[in-house]
1. Name the residue, out of Val132, Val66, that is in a strand (DSSP E or B), within 28 Å of Gln221 (Cα to Cα) and in contact (Cβ under 8 Å) with a residue 12 or more places away in the chain.
2. Among the residues of segment 87-116 satisfying the criterion of being outside any loop (DSSP other than H, G, I, E, B) and without any contact (Cβ under 8 Å) to a residue 24 or more places away in the chain, which is surrounded by the most Cβ atoms within 10 Å (Cβ to Cβ)?
3. Given the options Ala122, Ala148, Ala126, name the one that is without any contact (Cβ under 8 Å) to a residue 40 or more places away in the chain and surrounded by 16 or more Cβ atoms within 10 Å (Cβ to Cβ).
4. If we keep just the residues of segment 199-227 that are closer than 20 Å to Tyr88 by Cα and out of contact with any Asp or Glu (no Cβ under 9 Å at 6 or more places or on another chain), which is modelled with the lowest pLDDT?
5. List, please: which pairs have Cβ atoms under 7 Å, are six or more places apart or on different chains, and start with a residue in segment 187-198 that is in the same structural domain as Thr168 (by TED's automatic domain parsing) and end with one that is aromatic (Phe, Trp, Tyr)?
6. Any residue at all in segment 152-161 that's part of a strand (DSSP E or B), at negative phi and modelled with pLDDT under 95?
7. Please go through segment 67-100 and give me each residue that is closer than 23 Å to Ile208 by Cβ and not hydroxyl-bearing (Ser, Thr, Tyr), ordered by number.
8. Looking at segment 190-208, which of the residues that are under 24 Å from the mean Cα position of the chain (by Cα) and not in a helix (DSSP H, G or I) is surrounded by the fewest Cβ atoms within 10 Å (Cβ to Cβ)?
Amino acid sequence: MRIGNKIGLFLLFAIPFFILAGCGSSATDSTTGSVPEKAHLSTQLDVTADGLGSFTIKNESSEEAVLEMSSGQQIEFQLLNKANAVIYTYSANKLFIQEKQEKKLQPSEEWKIPLNLAEELAGVPAGSYTLVVWSTAEGLNEQKEEVAYELLKSPGKLVVQTQEVTFTGLVDPHSIEVKNLEGGMEVMQLSVVARPQFENLEKGTQLIIEYVEENGQKIIQTTYPAE
C-alpha cells in the first residue's frame, strides 16, 4: 500500500505539471503589432533641388511586413530652424480619413511616398532648415530621417534674416522693444510661434533673433541665446 500510495501521489502531482508545460509560449515566428519581429524595415529620405522628394520604406527581410496606420496619414514631416524650433508641421493644416489603413510589403519590396515640398512649404520664408520625415505606421514613428534643406528665395517669398539684439521689454503681447548692436532702439512684432519665448524673458538678455521683414516691419520667427 505504501508503494501504491507513493505512485499515486507522484501521478497526482506529475500530470498537472505536464499539462502546464504544454500551455507555455510557442516557438513559432508569430508576432503581434504592425511590424513583424523579423521584418527589418529600412527608411530613406531623398530630396531634390527643385523641391520634390520621396520617403521610401523597404522590407529588408524574407517575410511579409504589414504596416498599420491609425488614419489616412502615411507620413509626417517637420521643418526646423537653426535653433531646432519647429517652423512647419505637415499635418497641422490637414484632415485625414480617421480609419485604420494597412500596407503590406513583400520581401525586398519598397513603398515610395512622394513629397512635394515646393508646394507644401510655399508659405515658409526662405532660409536654411532641417527637414525631418518619418512614417506614421505603428512601430516606425520613431525611425526618423533628416536632411539639411535650403529653402530658396523666389519672387514674393519672405527671407529669414538674423540679428543680434538686447531685449529691453514688451511693448504689448504682440511686439517687443530691443536694442541693436549700434545702440538704437527698435520695435519688432512677434509671430505666434515666437510669443511664448518672451513671456518670462528677463530684460537685458542678449539674443540672436530670426525674423522676416514685411511692409517695413520686422517679424520675429524665433530666438536663441547669443554666444
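The values are calculated or read from the model by the stated rules, or taken from the named source; none is laboratory data. Note that the structure is predicted; figures quoted are calculated from it, not measured. Ideal geometry is used to build each Cβ from the backbone, glycine not excepted, and the neighbour counts take in all protein chains shown.
1. Exactly one residue qualifies, and that residue is Val132.
2. Going through the qualifying residues, I end up with Ser91.
3. Residue meeting the stated conditions: Ala126.
4. Across segment 199-227, the extreme among qualifying residues is Glu214.
5. Met188/Tyr211; Leu190/Phe198
6. Looking through segment 152-161, at least one residue is part of a strand (DSSP E or B), at negative phi and modelled with pLDDT under 95.
7. The answer is Gln78, Leu79, Leu80, Asn81, Lys82, Ala83, Asn84, Ala85, Val86, Ile87.
8. Val192
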